[in-house]
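Below is one structure; the comments refer to it alone.
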């Protein structure tokens, strides 16, 4: 009887935390999203010295409340799965740990020098923003588009690198050391900065020929910016267009097969068919008995 009760509450906890297609799961995700965003805002406000000086106590208490909430969530995720170490050493498990631990470290380290180091440790809390990715379903389409474009983008970047080396070498020959182009690597650096339209201004051509080449590189830079955007956009449009062309029956089938958010309590694998009792990856039961 005790074993059944234990499995019941663990199963319910697992359903709330890991599955977003239930009312409780959706509410949990919404609350977690709001908490993550609030923690990020607090980190940003703490970096403003004038604001932190006036509202330090409030920010500190708020950070402790959020840290405790994240600690409870972290522990709940561990106890609600059959193999806790799979979650602990997973990408999101590490992110959850890194986003929670700095506040506790501040209790163990003392002294002026340690406090200076803690300012850097506080930045680890920004890792919480990575937790947002797991709740953005549309990000999968963008990730797939980038993945499909990786070969084209790699070729494009290689071509840009070659062009930077060629133009950088030419500028080194045209301008010379007296105008700041002291070596080819520094000239290539200037070319990359100019080609990306950043233009730091630490090095600038002086000769008419060098200025003419720089003008050409700047104009070329505007065209280059559009290339990777166009590649990814084309793949994204292709993916979205392919979804729109599916029949109603195919969409319903896709919805039942892919969009189901059941999460295995053993290996944390998601996306199982509706009504499935066993995990398609590890073969274990999806829920506790």
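The values are calculated or read from the model by the stated rules, or taken from the named source; none is laboratory data. If you're wondering where the values come from, they're calculated on a predicted model, not measured in any experiment. Using ideal geometry, Cβ is built from the backbone for each residue, glycine included, and neighbour counts are taken over all protein chains shown.
General remarks:
- In region 171-180, the residue that is surrounded by the fewest Cβ atoms within 10 Å (Cβ to Cβ) out of those that are farther than 14 Å from residue 194 by Cα and at pLDDT 90 or above is 173.
- Any hit, region 92-114, residues being closer than 28 Å to residue 9 by Cβ and without any contact (Cβ under 8 Å) to a residue 12 or more places away in the chain: yes
- Boolean, residue 89 is at pLDDT 85 or above, in contact with a helix residue (DSSP H, G or I) (Cβ under 7 Å, 6 or more places away or on another chain) and either loosely packed, with under 12 Cβ neighbours inside 10 Å or closer than 30 Å to residue 18 by Cα (or both): no
- Here residue 223 fulfils each of the conditions (1) at pLDDT 75 or above; (2) touching a strand residue (DSSP E or B) at 6+ places or on another chain (Cβ under 8 Å) apart from (2).
- The set of residues from region 185-203 being more than 18 Å from residue 225 (Cβ to Cβ) and surrounded by fewer than 16 Cβ atoms within 10 Å (Cβ to Cβ) comprises 185, 201, 202.
- The condition (being assigned to a helix (DSSP H, G or I), within 20 Å of the chain's Cα centre (by Cα), in the same structural domain as residue 97 (by TED's automatic domain parsing) and without any contact (Cβ under 8 Å) to a residue 12 or more places away in the chain) is satisfied by just one residue among 41, 61: 41.
- Condition met for residue 54 (exposed (fewer than 12 other Cβ atoms within 10 Å of the Cβ) and either farther than 24 Å from residue 264 by Cα or within 19 Å of the chain's Cα centre (by Cα) (or both)): yes
- Filter result for residue 185 (part of a helix (DSSP H, G or I), modelled with pLDDT of 85 or more and more than 30 Å from residue 148 (Cα to Cα)): yes
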